[in-house]
Amino acid sequence: MSVHKLGIVGFSSPKLKETVFLVSSGILLLIIGILSKVPMTRFSALGLGAFIFYTVYFLRKEKTQPVEHKTASTGNASETADLYDDYFEPIPAVKKFEKPADETAAPAAINSSKEFTVEESTTQQQGSQNEFHDVLLHTLNIIKEVTFGHTVAFFWANNESQQLVVEASATDSSMFIAERKISYGSDIVSQIAQGGEAKIINQITAETEKDVLPYYTSLQEVKAFVGVPVFFAPRKTTDTPIAILTVDSKAEDAFGEETYAQLEHFTKLISSLLGNFTEKFDLQFDARMFELACTFQKKSSAGISTAGIINSLLDHIEQILSWETLSVVLYDESQRQWALGAVRVRGNYKFVTAKQAVDFEESLVGNCLRTSASYVVHDLSKNSRAIFYSSEPGEILHRGSMVIVPFVAGAKSYGAIVVTDRQMNMFTGKEIAAVEYLASAVALSLERLELNAIIAEHLAVDEQTGVAAKKFFLQRMDEELSRANEREEDLSLVLLSITNFNDVEQRYGAEGKAAALLSIAHILRTSIRSYDVAGRVEGDMFAILLADTAANDAFIWAEKLRSAISANVISASKKNFSVSVTIGIAGAIQGMKREELFKNANYILEQAKKAGGNMVRVF
């Protein structure tokens, strides 16, 4: 937000001091350029002074009015969205990926629905990164003119992954390296990145050029080189440079002490720009992460399932990390053990599948779940332990890098996410911290779902509909089966499900969904006898026990119920609508258990749904 103070618009008090300093420096340089009689000094001072004034104008314009940003059209800027991501790390930048080629999920756990996106915040972040890239390109072109250089380049120094990353360059060469990432070696740029000291070479021979300069694909006849480290001024916590600014020339003895002085001014300017842009990036990232955590909490409190929460997490992980596989491990109640709940694979690789049990005692994932601590492997080829289980496919899991982050709330682990990439040393500390932030939000949502489930199981009455809660209904079902067996009486179980219930929620919202459930529950309560039992056993599924009633008689009753529900008009949000229901009926036989009776009724209900719904069928 702009602050109007001392007649200057668009700068808060700290920014005002920076602006005054930059303007003063620009004026001083212009005066030196005008008064100097040395051509080199005059040209350098005038150029640098003019650039400082341009920079102040650019920052002021950016803060006071919307700017339409365009991605820099240079071969080195093809991955601008990676800015700060792998290389400097103020924030993990959003990366766009194709839809995974293979995605499998446990039917009862994870589906492919998309719950929410971050496209708006992603666009804002990429726009800000492009702003810095544009200013940097202007800077490099000015340096090239001032120093009469052949190539001027800016590299991020990623000491964590031992890589140089080309951010931008101004060059006369067509042989400048196309790849962005260059592994550290014995070259002069890597030495500056690791040692943090400026280097100058004024006599480079054709035999040594390839070993000295890592950024050309063929011989360029470069004779001189100068490189200076760039430090992040606002965070003076380390002597390790975050970037390197390099200039080379085809002339021998092209650089001297005056070149150091010139480049020092530019590195200070770039550091100041980094401080401004990083502050903006950090605020955007923090706001985005906070918004995401709030969304998880809101969704879980609104009744979103575990599937929805996990799918939302995977969608966001896809955007903030480079990945080849994404896997989520959850506790599977049906198997009574930890198992893969969702798997996404990029490419046609053989990989683990959903529902596959995890070796809790011996695997890395099991260790992560037991210790509630994240686990990172920078080179999977050196890992000898199983990640999921001993017989897991090895094509992907024995190469590249991996990170495992648990979902921890309090002292309990609710699961873990496993991310792998084909490249080694791919996951930076900032990226891992972002995944841990998302995982903590997921854990809180899963904890809330678990607590809600526990509370619901101990309630005799379903609060939303007024019929019996699931746990109480199942208890009554055991009692009625026992009574029917003792008295040799008939007993029928009726399962009722709203036809196309998802369409109701999409068209009429949460209010329409609640109104439909309440309306059906009311009709049920008024249609049963005092000794019958009606309960809600799933989200849109009701169950009715009809005592001393054969299946054929239950069919007649259920058909009347279906007609009554279809004819009932429901009101919600000033809209009127009606719903239809599909009903399955199973009769109990002597000695039948609750599970078998429920299974029979559910089977015939599913058959009725497949036949089109809005009907009654008997097992």
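Using alpha-carbon positions, what is the distance between the centroids of segment 559-619 and segment 517-542, in Å? So the two Cα centres are separated by 11 Å. Net length available on complete extension from Val376 to Lys574 is 65.9 nm, with 0.36 nm assigned per residue and the Cα-Cα distance removed. Extending 7 Å from the Cα toward the beta-carbon at both Glu264 and Asn502 defines two label points whose distance is 6.6 nm. Close amide-amide hydrogen proximity is noted between Val358 and Trp338, Ala339, Leu340, each under 5 Å apart and 5 or more residues distant or on a separate chain (H modeled in the peptide plane; Pro and chain starts excluded). Spin-label model, Arg487/Gln590: points 7 Å from Cα along the beta carbon direction are separated by 1.8 nm. Per-peptide packing, taken as the mean over residues of other Cβ atoms within 10 Å, places 428-436, 149-157, 494-502 in the sequence 149-157, 494-502, 428-436 from highest down. When the solvent-accessible area of segment 317-476 is split by element, carbon and sulfur atoms take up 50 percent of it, the probe being 1.4 Å. For segment 122-234, the solvent-accessible area works out to 38 Å² per residue, with a probe of 1.4 Å and every protein chain left in place. Once a ≥ b ≥ c are taken as the square roots of the eigenvalues of the Cα gyration tensor of segment 365-446, is the result rounded (a/c under 1.5), prolate (a/b larger than b/c) or oblate (a/b not larger than b/c)? Oblate, since a/c reaches 1.5 and b/c is not below a/b. Residue pairs exceeding 19 angstrom between C-alpha atoms, taken from Lys199/Lys223; Lys470/Lys599; Lys471/Lys609; Lys268/Lys430; Lys199/Lys430; Lys471/Lys599: Lys471/Lys609; Lys268/Lys430; Lys199/Lys430.
Taking only protein heavy atoms and a 1.4 Å probe, the accessible area of segment 482-573 is 44% carbon and sulfur. On the basis of the beta-carbon distance and an R0 of 30 Å, Glu333 and Ile523 show a calculated FRET efficiency of 0.40. The residues of segment 512-619 present an accessible area of 48 Å² per residue when probed at 1.4 Å with all protein chains retained.
Segment Ser186..Tyr349, full-extension length gain: 55.1 nm, with 0.36 nm per residue of separation and the alpha-carbon distance subtracted. Of the solvent-accessible surface of segment 155-236, computed with a 1.4 Å probe and all protein chains present, 48% belongs to carbon and sulfur. Solvent-accessible surface (1.4 Å probe) assigned to Thr420 amounts to roughly 0 Å². With protein chains left intact and a 1.4 Å probe, residues in segment 323-470 average 43 Å² of accessible area per residue.
Set the Förster distance to 45 Å, then compute FRET efficiency between Ala550 and Leu451 from the Cβ-Cβ distance, nearest 0.05.
With R0 = 45 Å, the Cβ-Cβ based efficiency is 0.60.
Packing-based ranking of 198-205, 159-166, 320-327, 378-385 yields 320-327, 159-166, 198-205, 378-385, ordered from highest to lowest mean Cβ neighbour count within 10 Å.
The values are calculated or read from the model by the stated rules, or taken from the named source; none is laboratory data. All figures in this text were calculated on a predicted structure; none of them were measured in a lab. Please note: Cβ atoms are built from the backbone with ideal geometry, for glycine as well, and neighbour counts cover all protein chains shown. To get the accessible areas, we keep the full protein, side chains included, count just its heavy atoms, and leave off ligands, DNA and RNA. Shrake-Rupley method; radii C 1.70, N 1.55, O 1.52, S 1.80 Å.
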